Amino acid sequence: MLAPTLARRTLLASAAALGAAAMLPRFAHAAEIDTSGLADMTHGVQPIARAEREARLARARKLMAAHGLEAVLIEPGASLDYFTGVQWWRSERLTAALIPASGTPIVVTPFFEEPSIRETLGIAAEVHVWQEDENPLAVLASAMAARGLSRGTIGIEETARFFASDGLARAAPGVRLAPAAPVVRGCRMIKTAAEIALLQKANDITLAAMRFAWQRTRAGMTRDDLAAIIVAATRKLGGTADGALVLVGEASAYPHGSHQPQVVREGAVVLMDCGCDVGGYKSDISRTFVLGRAPDDVRRVWDTVAQGQQTAMRAARPGAPAGSVDDAVRRFYESKGYGPGYKLPGLPHRTGHGIGMDGHEPVNLVRGETTPLARGMCFSNEPGLYLPGKFGVRLEDCWHMGARGPEWFTVPPTSIDAPFGA
(Lines give C-alpha, C1' and ligand atoms only; values in the text may rest on other atoms or scores of the structure.)
Protein backbone atom coordinates (compact mmCIF):
# COMPACT_ATOMS: atom_id res chain seq x y z
CA MET A 1 0.00 0.00 0.00
CA LEU A 2 2.41 2.70 1.32
CA ALA A 3 1.21 5.42 -1.08
CA PRO A 4 3.88 8.07 -1.83
CA THR A 5 1.75 11.13 -1.04
CA LEU A 6 2.23 14.29 1.00
CA ALA A 7 -0.59 13.17 3.27
CA ARG A 8 1.15 9.88 3.87
CA ARG A 9 4.42 11.58 4.63
CA THR A 10 2.60 13.68 7.20
CA LEU A 11 1.15 10.56 8.75
CA LEU A 12 4.48 8.78 8.80
CA ALA A 13 6.16 11.40 10.97
CA SER A 14 9.49 9.61 10.71
CA ALA A 15 12.17 10.97 13.01
CA ALA A 16 14.57 11.47 10.11
CA ALA A 17 12.10 13.47 8.05
CA LEU A 18 10.64 15.59 10.82
CA GLY A 19 13.41 15.73 13.41
CA ALA A 20 11.11 17.33 15.95
CA ALA A 21 10.97 16.32 19.58
CA ALA A 22 7.30 17.24 19.67
CA MET A 23 6.53 14.56 17.10
CA LEU A 24 8.54 11.93 18.97
CA PRO A 25 7.59 12.18 22.62
CA ARG A 26 9.54 9.06 23.63
CA PHE A 27 12.53 9.44 21.31
CA ALA A 28 13.98 12.90 20.72
CA HIS A 29 15.60 11.68 17.54
CA ALA A 30 15.78 8.40 15.66
CA ALA A 31 19.53 8.32 16.32
CA GLU A 32 18.77 7.84 20.03
CA ILE A 33 16.99 4.54 19.44
CA ASP A 34 19.21 1.62 20.43
CA THR A 35 19.85 -0.41 17.28
CA SER A 36 23.18 -1.79 18.45
CA GLY A 37 21.93 -5.36 18.02
CA LEU A 38 21.33 -4.88 14.29
CA ALA A 39 23.88 -5.27 11.50
CA ASP A 40 24.02 -4.01 7.92
CA MET A 41 22.37 -6.56 5.61
CA THR A 42 23.56 -5.04 2.32
CA HIS A 43 27.12 -6.39 2.21
CA GLY A 44 27.65 -8.05 -1.16
CA VAL A 45 24.66 -6.36 -2.81
CA GLN A 46 25.35 -5.87 -6.52
CA PRO A 47 24.12 -2.63 -8.11
CA ILE A 48 22.70 -2.57 -11.61
CA ALA A 49 25.63 -2.84 -14.01
CA ARG A 50 26.26 -0.91 -17.21
CA ALA A 51 25.77 -4.07 -19.29
CA GLU A 52 22.27 -4.46 -17.88
CA ARG A 53 21.37 -0.88 -18.79
CA GLU A 54 22.68 -1.45 -22.31
CA ALA A 55 20.43 -4.52 -22.53
CA ARG A 56 17.49 -2.37 -21.42
CA LEU A 57 18.22 0.12 -24.19
CA ALA A 58 18.34 -2.71 -26.72
CA ARG A 59 14.96 -3.97 -25.52
CA ALA A 60 13.52 -0.46 -25.67
CA ARG A 61 14.72 -0.04 -29.25
CA LYS A 62 13.01 -3.26 -30.31
CA LEU A 63 9.77 -2.09 -28.71
CA MET A 64 10.08 1.32 -30.38
CA ALA A 65 10.40 -0.35 -33.74
CA ALA A 66 7.38 -2.53 -33.00
CA HIS A 67 5.26 0.48 -32.03
CA GLY A 68 6.41 2.93 -34.69
CA LEU A 69 8.33 5.31 -32.42
CA GLU A 70 11.47 7.18 -33.46
CA ALA A 71 12.48 7.98 -29.88
CA VAL A 72 11.20 8.24 -26.30
CA LEU A 73 11.42 11.33 -24.07
CA ILE A 74 11.98 10.71 -20.34
CA GLU A 75 12.16 13.14 -17.44
CA PRO A 76 13.95 12.55 -14.10
CA GLY A 77 12.57 9.76 -11.97
CA ALA A 78 12.71 5.99 -11.87
CA SER A 79 12.53 5.56 -15.66
CA LEU A 80 15.46 7.91 -16.27
CA ASP A 81 17.50 6.01 -13.68
CA TYR A 82 16.35 2.69 -15.16
CA PHE A 83 17.63 3.46 -18.66
CA THR A 84 20.53 5.85 -18.05
CA GLY A 85 21.56 5.61 -14.39
CA VAL A 86 21.00 9.37 -13.99
CA GLN A 87 19.58 10.08 -10.54
CA TRP A 88 18.03 13.51 -10.57
CA TRP A 89 14.92 15.41 -9.52
CA ARG A 90 12.30 17.38 -11.38
CA SER A 91 12.28 21.16 -11.22
CA GLU A 92 11.47 24.09 -13.49
CA ARG A 93 14.95 23.60 -15.00
CA LEU A 94 14.55 20.73 -17.46
CA THR A 95 16.84 17.74 -17.41
CA ALA A 96 15.66 14.96 -19.72
CA ALA A 97 16.82 12.13 -21.93
CA LEU A 98 15.78 11.27 -25.44
CA ILE A 99 16.33 7.60 -26.22
CA PRO A 100 16.28 7.08 -30.00
CA ALA A 101 15.34 3.88 -31.79
CA SER A 102 18.90 3.85 -33.12
CA GLY A 103 22.01 5.65 -32.00
CA THR A 104 23.26 7.13 -28.75
CA PRO A 105 20.80 8.62 -26.23
CA ILE A 106 20.71 12.40 -25.86
CA VAL A 107 20.65 14.07 -22.43
CA VAL A 108 19.81 17.76 -22.01
CA THR A 109 20.57 19.55 -18.76
CA PRO A 110 21.45 23.03 -17.47
CA PHE A 111 25.07 23.99 -18.14
CA PHE A 112 25.95 24.20 -14.44
CA GLU A 113 24.42 20.77 -13.72
CA GLU A 114 26.44 18.83 -16.29
CA PRO A 115 29.19 17.64 -13.90
CA SER A 116 26.57 16.37 -11.44
CA ILE A 117 24.58 14.62 -14.16
CA ARG A 118 27.69 12.85 -15.41
CA GLU A 119 28.37 11.48 -11.90
CA THR A 120 25.55 8.94 -12.20
CA LEU A 121 25.31 8.62 -16.00
CA GLY A 122 25.71 4.89 -16.54
CA ILE A 123 25.61 4.61 -20.35
CA ALA A 124 27.23 6.22 -23.36
CA ALA A 125 25.24 9.37 -24.17
CA GLU A 126 25.54 12.79 -25.76
CA VAL A 127 25.08 15.49 -23.13
CA HIS A 128 23.78 18.80 -24.47
CA VAL A 129 23.67 21.75 -22.08
CA TRP A 130 21.51 24.84 -22.08
CA GLN A 131 22.13 28.23 -20.51
CA GLU A 132 19.68 30.03 -18.24
CA ASP A 133 18.57 32.33 -21.06
CA GLU A 134 17.94 29.43 -23.49
CA ASN A 135 14.97 27.18 -24.17
CA PRO A 136 16.02 23.61 -23.25
CA LEU A 137 13.48 22.11 -25.64
CA ALA A 138 14.96 24.16 -28.48
CA VAL A 139 18.38 22.75 -27.55
CA LEU A 140 16.90 19.26 -27.64
CA ALA A 141 15.15 19.95 -30.97
CA SER A 142 18.46 21.09 -32.47
CA ALA A 143 20.16 17.89 -31.31
CA MET A 144 17.28 15.87 -32.75
CA ALA A 145 17.55 17.67 -36.11
CA ALA A 146 21.25 16.80 -36.30
CA ARG A 147 20.23 13.14 -35.92
CA GLY A 148 17.42 13.30 -38.48
CA LEU A 149 14.76 13.05 -35.76
CA SER A 150 12.87 16.23 -36.65
CA ARG A 151 10.01 14.20 -38.10
CA GLY A 152 8.32 11.01 -37.06
CA THR A 153 6.68 9.96 -33.82
CA ILE A 154 8.22 10.63 -30.42
CA GLY A 155 6.97 8.69 -27.42
CA ILE A 156 6.40 10.62 -24.18
CA GLU A 157 6.95 8.72 -20.93
CA GLU A 158 3.63 8.69 -19.07
CA THR A 159 4.79 10.73 -16.05
CA ALA A 160 6.44 13.52 -18.08
CA ARG A 161 5.08 16.99 -17.38
CA PHE A 162 2.99 18.91 -19.89
CA PHE A 163 5.52 21.72 -20.30
CA ALA A 164 8.10 19.20 -21.50
CA SER A 165 5.91 17.48 -24.10
CA ASP A 166 4.24 20.71 -25.21
CA GLY A 167 7.60 22.46 -25.40
CA LEU A 168 8.99 19.69 -27.57
CA ALA A 169 6.00 19.86 -29.90
CA ARG A 170 6.51 23.62 -30.29
CA ALA A 171 10.29 23.40 -30.74
CA ALA A 172 10.05 20.51 -33.23
CA PRO A 173 6.73 21.06 -35.05
CA GLY A 174 7.46 18.26 -37.51
CA VAL A 175 7.17 15.53 -34.87
CA ARG A 176 4.10 13.70 -33.65
CA LEU A 177 3.72 12.79 -30.00
CA ALA A 178 2.44 9.45 -28.73
CA PRO A 179 2.40 7.51 -25.45
CA ALA A 180 5.66 5.75 -24.63
CA ALA A 181 3.99 3.34 -22.19
CA PRO A 182 4.28 0.33 -24.55
CA VAL A 183 8.06 0.82 -24.50
CA VAL A 184 8.73 1.92 -20.93
CA ARG A 185 6.23 -0.44 -19.34
CA GLY A 186 7.27 -3.18 -21.70
CA CYS A 187 10.79 -2.95 -20.29
CA ARG A 188 10.20 -2.12 -16.64
CA MET A 189 7.39 -4.60 -15.93
CA ILE A 190 9.66 -7.61 -16.50
CA LYS A 191 12.39 -7.77 -13.87
CA THR A 192 15.73 -9.50 -14.41
CA ALA A 193 17.53 -11.67 -11.88
CA ALA A 194 19.63 -8.66 -10.81
CA GLU A 195 16.52 -6.60 -10.13
CA ILE A 196 14.81 -9.42 -8.25
CA ALA A 197 17.90 -9.81 -6.05
CA LEU A 198 17.70 -6.12 -5.07
CA LEU A 199 13.96 -6.40 -4.42
CA GLN A 200 14.59 -9.44 -2.25
CA LYS A 201 17.15 -7.59 -0.14
CA ALA A 202 14.83 -4.58 0.29
CA ASN A 203 12.03 -6.88 1.47
CA ASP A 204 14.35 -8.75 3.84
CA ILE A 205 15.45 -5.48 5.45
CA THR A 206 11.93 -4.11 5.82
CA LEU A 207 10.63 -7.28 7.42
CA ALA A 208 13.56 -7.32 9.86
CA ALA A 209 12.98 -3.66 10.78
CA MET A 210 9.27 -4.25 11.36
CA ARG A 211 9.99 -7.31 13.51
CA PHE A 212 12.43 -5.20 15.54
CA ALA A 213 9.70 -2.60 16.18
CA TRP A 214 7.04 -5.22 16.96
CA GLN A 215 9.26 -6.76 19.61
CA ARG A 216 9.54 -3.33 21.27
CA THR A 217 5.89 -2.31 21.06
CA ARG A 218 4.53 -1.28 24.46
CA ALA A 219 1.31 0.23 25.76
CA GLY A 220 1.46 4.02 25.77
CA MET A 221 3.60 4.31 22.64
CA THR A 222 2.35 6.58 19.86
CA ARG A 223 2.30 5.76 16.17
CA ASP A 224 5.24 8.16 15.84
CA ASP A 225 7.27 6.21 18.37
CA LEU A 226 6.84 3.03 16.35
CA ALA A 227 7.53 4.80 13.04
CA ALA A 228 10.77 6.18 14.45
CA ILE A 229 11.91 2.73 15.58
CA ILE A 230 11.20 1.26 12.13
CA VAL A 231 13.07 4.06 10.33
CA ALA A 232 16.07 3.76 12.66
CA ALA A 233 16.18 -0.02 12.28
CA THR A 234 15.86 0.19 8.50
CA ARG A 235 18.82 2.53 8.27
CA LYS A 236 20.95 0.41 10.57
CA LEU A 237 20.14 -2.65 8.44
CA GLY A 238 21.34 -0.83 5.31
CA GLY A 239 18.10 0.27 3.66
CA THR A 240 17.07 3.78 2.69
CA ALA A 241 13.94 4.43 4.72
CA ASP A 242 10.76 5.08 2.76
CA GLY A 243 9.01 5.91 6.00
CA ALA A 244 6.65 3.82 8.07
CA LEU A 245 2.89 4.16 8.13
CA VAL A 246 1.62 3.11 11.55
CA LEU A 247 -2.12 3.04 12.29
CA VAL A 248 -3.55 2.31 15.73
CA GLY A 249 -7.10 1.40 16.72
CA GLU A 250 -9.89 2.85 14.59
CA ALA A 251 -7.34 4.51 12.28
CA SER A 252 -6.53 1.04 10.92
CA ALA A 253 -10.01 0.99 9.35
CA TYR A 254 -8.90 3.69 6.89
CA PRO A 255 -6.22 2.37 4.49
CA HIS A 256 -4.03 5.48 4.68
CA GLY A 257 -4.97 6.38 8.21
CA SER A 258 -6.19 9.33 10.23
CA HIS A 259 -4.67 12.50 11.69
CA GLN A 260 -6.26 11.75 15.05
CA PRO A 261 -3.90 11.01 17.98
CA GLN A 262 -3.15 7.30 18.22
CA VAL A 263 -1.73 5.51 21.25
CA VAL A 264 -1.06 1.79 21.59
CA ARG A 265 -3.09 0.00 24.25
CA GLU A 266 -3.82 -3.59 25.20
CA GLY A 267 -6.26 -5.22 22.77
CA ALA A 268 -6.05 -2.46 20.13
CA VAL A 269 -5.16 -3.17 16.51
CA VAL A 270 -1.75 -1.94 15.31
CA LEU A 271 -1.18 -1.84 11.54
CA MET A 272 2.31 -1.24 10.14
CA ASP A 273 2.86 -0.54 6.42
CA CYS A 274 6.54 -0.07 5.60
CA GLY A 275 9.07 -0.02 2.80
CA CYS A 276 12.65 0.81 1.99
CA ASP A 277 15.01 1.19 -0.96
CA VAL A 278 18.04 -0.93 -1.79
CA GLY A 279 19.96 -0.11 -4.95
CA GLY A 280 16.97 1.80 -6.33
CA TYR A 281 14.44 -1.00 -5.71
CA LYS A 282 11.54 -0.85 -3.26
CA SER A 283 9.83 -3.06 -0.72
CA ASP A 284 6.27 -2.79 0.61
CA ILE A 285 5.12 -4.93 3.55
CA SER A 286 2.17 -4.67 5.95
CA ARG A 287 1.53 -6.45 9.22
CA THR A 288 -1.41 -6.19 11.61
CA PHE A 289 -1.24 -7.34 15.23
CA VAL A 290 -2.64 -6.67 18.67
CA LEU A 291 -0.73 -5.94 21.86
CA GLY A 292 -1.83 -8.65 24.26
CA ARG A 293 -4.77 -10.92 23.50
CA ALA A 294 -6.55 -10.25 20.22
CA PRO A 295 -10.32 -9.78 20.53
CA ASP A 296 -12.35 -12.50 18.83
CA ASP A 297 -13.76 -10.21 16.11
CA VAL A 298 -10.27 -8.97 15.22
CA ARG A 299 -8.96 -12.53 15.13
CA ARG A 300 -11.74 -13.62 12.75
CA VAL A 301 -11.08 -10.75 10.34
CA TRP A 302 -7.32 -11.35 10.53
CA ASP A 303 -7.78 -15.02 9.65
CA THR A 304 -10.02 -14.11 6.71
CA VAL A 305 -7.41 -11.68 5.34
CA ALA A 306 -4.73 -14.35 5.67
CA GLN A 307 -6.95 -16.64 3.61
CA GLY A 308 -7.46 -13.77 1.13
CA GLN A 309 -3.70 -13.53 0.61
CA GLN A 310 -3.52 -17.22 -0.19
CA THR A 311 -6.55 -16.96 -2.49
CA ALA A 312 -4.76 -14.26 -4.46
CA MET A 313 -1.61 -16.36 -4.68
CA ARG A 314 -3.50 -19.39 -5.99
CA ALA A 315 -5.12 -17.24 -8.68
CA ALA A 316 -1.81 -15.72 -9.81
CA ARG A 317 -0.85 -18.16 -12.53
CA PRO A 318 1.34 -17.44 -15.58
CA GLY A 319 -0.81 -16.18 -18.43
CA ALA A 320 -3.79 -15.27 -16.24
CA PRO A 321 -5.12 -11.71 -16.61
CA ALA A 322 -3.84 -9.55 -13.75
CA GLY A 323 -7.40 -8.55 -12.90
CA SER A 324 -8.42 -12.15 -12.32
CA VAL A 325 -6.41 -12.15 -9.07
CA ASP A 326 -8.55 -9.31 -7.73
CA ASP A 327 -11.70 -11.09 -8.93
CA ALA A 328 -10.79 -14.26 -7.04
CA VAL A 329 -10.26 -12.39 -3.77
CA ARG A 330 -13.57 -10.53 -4.06
CA ARG A 331 -15.47 -13.75 -4.74
CA PHE A 332 -13.95 -15.23 -1.59
CA TYR A 333 -14.73 -12.16 0.52
CA GLU A 334 -18.28 -11.98 -0.76
CA SER A 335 -18.75 -15.59 0.34
CA LYS A 336 -17.82 -14.39 3.84
CA GLY A 337 -20.33 -11.53 3.75
CA TYR A 338 -18.06 -8.64 2.75
CA GLY A 339 -18.57 -6.21 -0.11
CA PRO A 340 -19.89 -6.82 -2.67
CA GLY A 341 -17.19 -5.54 -4.97
CA TYR A 342 -15.32 -2.58 -3.52
CA LYS A 343 -17.99 -1.70 -0.94
CA LEU A 344 -17.42 -1.50 2.81
CA PRO A 345 -17.12 -3.30 5.09
CA GLY A 346 -14.75 -5.12 2.79
CA LEU A 347 -11.83 -4.43 0.46
CA PRO A 348 -12.14 -0.93 -1.06
CA HIS A 349 -8.77 -0.91 -2.83
CA ARG A 350 -7.10 -3.15 -5.40
CA THR A 351 -5.65 -6.47 -4.30
CA GLY A 352 -2.14 -5.42 -5.30
CA HIS A 353 0.10 -3.21 -7.38
CA GLY A 354 3.24 -3.62 -9.42
CA ILE A 355 6.47 -2.84 -7.63
CA GLY A 356 10.08 -2.25 -8.64
CA MET A 357 11.98 1.03 -8.80
CA ASP A 358 8.73 2.75 -7.81
CA GLY A 359 6.70 1.61 -4.85
CA HIS A 360 3.63 1.54 -7.10
CA GLU A 361 4.17 0.55 -10.74
CA PRO A 362 1.97 -0.72 -13.56
CA VAL A 363 0.22 -3.02 -13.76
CA ASN A 364 -2.22 -3.45 -10.89
CA LEU A 365 -4.09 -6.46 -9.59
CA VAL A 366 -7.43 -4.74 -10.09
CA ARG A 367 -10.76 -5.55 -11.73
CA GLY A 368 -10.64 -5.26 -15.50
CA GLU A 369 -6.84 -5.38 -15.91
CA THR A 370 -6.24 -7.75 -18.83
CA THR A 371 -2.43 -7.76 -18.94
CA PRO A 372 -1.32 -11.41 -18.72
CA LEU A 373 0.86 -12.31 -15.76
CA ALA A 374 4.35 -13.22 -16.98
CA ARG A 375 7.65 -14.36 -15.57
CA GLY A 376 9.57 -11.50 -13.99
CA MET A 377 6.55 -9.40 -13.04
CA CYS A 378 6.53 -8.26 -9.40
CA PHE A 379 3.52 -7.31 -7.28
CA SER A 380 2.24 -6.64 -3.79
CA ASN A 381 -0.46 -8.94 -2.38
CA GLU A 382 -2.51 -6.92 0.12
CA PRO A 383 -6.20 -7.89 0.28
CA GLY A 384 -7.06 -6.02 3.49
CA LEU A 385 -10.47 -5.86 5.13
CA TYR A 386 -11.74 -2.62 6.66
CA LEU A 387 -14.65 -2.06 9.06
CA PRO A 388 -15.28 1.71 9.29
CA GLY A 389 -15.61 2.98 12.82
CA LYS A 390 -14.02 -0.17 14.22
CA PHE A 391 -10.71 -1.44 12.82
CA GLY A 392 -8.99 -2.79 9.74
CA VAL A 393 -6.58 -5.59 8.94
CA ARG A 394 -3.99 -5.51 6.18
CA LEU A 395 -1.41 -8.18 5.47
CA GLU A 396 0.91 -7.36 2.60
CA ASP A 397 3.75 -9.33 1.08
CA CYS A 398 5.34 -8.95 -2.33
CA TRP A 399 5.99 -11.67 -4.87
CA HIS A 400 7.43 -12.22 -8.32
CA MET A 401 6.27 -14.52 -11.07
CA GLY A 402 8.62 -17.43 -11.54
CA ALA A 403 8.75 -19.94 -14.38
CA ARG A 404 6.12 -22.18 -12.78
CA GLY A 405 4.17 -19.71 -10.68
CA PRO A 406 4.36 -16.95 -8.09
CA GLU A 407 7.15 -16.86 -5.53
CA TRP A 408 7.05 -14.84 -2.29
CA PHE A 409 9.71 -12.30 -1.40
CA THR A 410 8.52 -12.58 2.21
CA VAL A 411 6.37 -15.38 3.63
CA PRO A 412 3.02 -14.22 5.07
CA PRO A 413 2.24 -15.00 8.71
CA THR A 414 -0.38 -17.62 9.56
CA SER A 415 -1.45 -16.37 12.99
CA ILE A 416 -2.19 -12.98 14.53
CA ASP A 417 -0.26 -14.23 17.57
CA ALA A 418 2.90 -14.57 15.48
CA PRO A 419 2.73 -11.74 12.88
CA PHE A 420 6.37 -12.26 11.95
CA GLY A 421 6.40 -16.04 12.04
CA ALA A 422 7.58 -18.42 14.73
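Scanning segment 249-261 for residues that are within 23 Å of the chain's Cα centre (by Cα) and within 15 Å of Leu385 (Cα to Cα) yields Ala251, Ser252, Ala253, Tyr254, Pro255, His256, Gly257. For the structure I just gave you, tell me whether Asp303 is at pLDDT 95 or above, assigned to a strand (DSSP E or B) and surrounded by fewer than 24 Cβ atoms within 10 Å (Cβ to Cβ). For Asp303, the condition - at pLDDT 95 or above, assigned to a strand (DSSP E or B) and surrounded by fewer than 24 Cβ atoms within 10 Å (Cβ to Cβ) - is not met. Just to be sure before I move on: is Val363 closer than 23 Å to Val270 by Cβ, touching a strand residue (DSSP E or B) at 6+ places or on another chain (Cβ under 9 Å) and either surrounded by 19 or more Cβ atoms within 10 Å (Cβ to Cβ) or of a type outside the set (D, E, K, R) (or both) in the structure I sent? No, not satisfied. The residues listed here are Pro340, Pro362; of these, the one that is in the same structural domain as Gln307 (by TED's automatic domain parsing) and under 26 Å from Thr206 (Cβ atoms) is Pro362. Exactly one residue out of Asp273, Asp297, Asp303 is touching a strand residue (DSSP E or B) at 6+ places or on another chain (Cβ under 6 Å) and either farther than 30 Å from Met41 by Cα or in contact (Cβ under 8 Å) with a residue 60 or more places away in the chain (or both), and it is Asp273. For segment 366-387, a tally of residues being within 19 Å of Ala403 (Cα to Cα) and buried (at least 18 other Cβ atoms within 10 Å of the Cβ) returns 6. The lone criterion from (1) farther than 15 Å from Thr288 by Cα; (2) crowded, with 24+ Cβ neighbours inside 10 Å; (3) modelled with pLDDT of 95 or more left unmet by Lys236 is number (2).
Residue check: is Glu158 over 33 Å from the mean Cα position of the chain (by Cα) and assigned by TED's automatic domain parsing to the domain that holds Leu80? Criteria not met by Glu158.
Only one entry in Leu226, Leu149 is assigned to a helix (DSSP H, G or I), in contact (Cβ under 8 Å) with a residue 24 or more places away in the chain and crowded, with 18+ Cβ neighbours inside 10 Å, namely Leu226. The set of residues from segment 216-240 being closer than 13 Å to Thr206 by Cβ and among the hydroxyl-bearing types (Ser, Thr, Tyr) comprises Thr234, Thr240. In segment 64-90, which residue that is in a helix (DSSP H, G or I) and in contact with a Leu (Cβ under 8 Å, 6 or more places away or on another chain) is surrounded by the fewest Cβ atoms within 10 Å (Cβ to Cβ)? Of everything passing the filter in segment 64-90, Thr84 is surrounded by the fewest Cβ atoms within 10 Å (Cβ to Cβ). Per the listing Leu168, Leu198, Leu237, Leu177, the residue uniquely farther than 29 Å from Tyr386 by Cα, of a type outside the set (Lys, Arg) and touching a Phe, Trp or Tyr at 6+ places or on another chain (Cβ under 8 Å) is Leu198.
Do we find a residue being in a loop (DSSP other than H, G, I, E, B) and not small (Gly, Ala, Ser) anywhere in segment 169-187? Yes; the residues of segment 169-187 include at least one that is in a loop (DSSP other than H, G, I, E, B) and not small (Gly, Ala, Ser). If you filter segment 306-331 down to residues that are farther than 14 Å from Leu385 by Cβ and basic (Lys, Arg), you find that the one that is surrounded by the most Cβ atoms within 10 Å (Cβ to Cβ) is Arg317.
The values are calculated or read from the model by the stated rules, or taken from the named source; none is laboratory data. Note that this is a predicted model, so its numbers are computed, not measured. Counting neighbours? That spans all protein chains shown, and the Cβs are built from the backbone with ideal geometry, glycine included.
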